[in-house]
Amino acid sequence: MRINHEITLQEWELIETFSRASGPGGQNVNKVATAVELRFEAARSPNLPEPVKTRLRRLAGRRWTEGGALVLRVEETRSQARNREIARARLAELIRAALERPKRRIPTRPTLASKRRRLAGKAHRASIKALRAAPENRE
């Protein structure tokens with residue numbers, strides 16, 4: 001399975017299992033195994049660099065198992081072949097997203113005008129709250 005011009009996944013890294021889909025569908029749902037569970041052994045994959053694996057793990061969330069596999073379950077259509085295509089496309093999309101290195105944040109300082117606006121806003125709120133206080137006893 002080709003991800004981009006550098007990364008190609010081997011067939012042994014992908015395990016597909018089929019089961020009956022849930023939900024409506026009449027007799028088709030009761031007798032045809034159309035749901036696809038695609039399992040990608042990401043932690044053992046020699047084709048993915050370590051930084052990509054860590055980003056993929058973060059992107060996968062609950063779909064990442066303790067054994068280091070990425071599990072995608074698709075049961076959108078009544079066709080097993082179409083569900084397989086959708087699952088493989090989602091896996092490729094996830095890996096492509098993990099390939100993108102996030103930009104490093106460059107810390108910036110607040111401008112003088114923004115500091116003044118913040119302090120003016122705080123003073124304004126303080127004066128509003130001061131007006132809510134009960135008047136002092138004057139004799």
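Using 0.36 nm per residue, how much length does the chain from ARG20 to LYS129 gain when fully extended, once their Cα-Cα distance is taken away?
Result: 33.0 nm gained on full extension.
Put +1 on the Cβ of every Lys and Arg and -1 on every Asp and Glu Cβ in the chain; which of ILE95, PHE40, ALA120 then has its Cα farthest towards the positive end of the dipole?
Positive-end residue among those listed: ALA120.
Label-point separation (nm) for LYS115 and ALA92, each offset 7 Å from Cα along Cα-to-Cβ?
5.3
Could you let me know the centre-to-centre spacing of segment 99-126 and segment 35-90, using Cα atoms, in angstrom?
Going from one Cα centre to the other spans 39 Å.
Rounded to the nearest 10 degrees, what's the angle between the helix 112-132 long axis and the longest principal axis of the chain, both from Cα atoms, 0 to 90?
70
Which loop GluC sites (Glu not before Pro) in segment 1-88, with loop taken from DSSP, have no more than 12 other Cβ atoms within 10 angstrom of their Cβ?
In loop regions of segment 1-88 (DSSP not H, G, I, E or B), the sparsely surrounded GluC sites (Glu not before Pro) are GLU6, GLU66.
Cα axis of helix 80-99 to longest principal axis of the chain: angle in degrees, 0 to 90, nearest 10?
50
Just to compare against my own numbers: the Cα pair-distance distribution for segment 23-128, 10 Å bins, whole % per bin, please.
Whole-percent P(r) values from 0 Å outward: 13, 27, 18, 13, 12, 12, 5, 0.
Quick note: the coordinates plus some simple rules give every number you see, no bench work behind them. Bear in mind the structure is a predicted one, so any value in this text is a computation, not a measurement. Because the Cβ atoms are built from the backbone with ideal geometry, glycine has one as well, and the counts that use them run over all protein chains shown.
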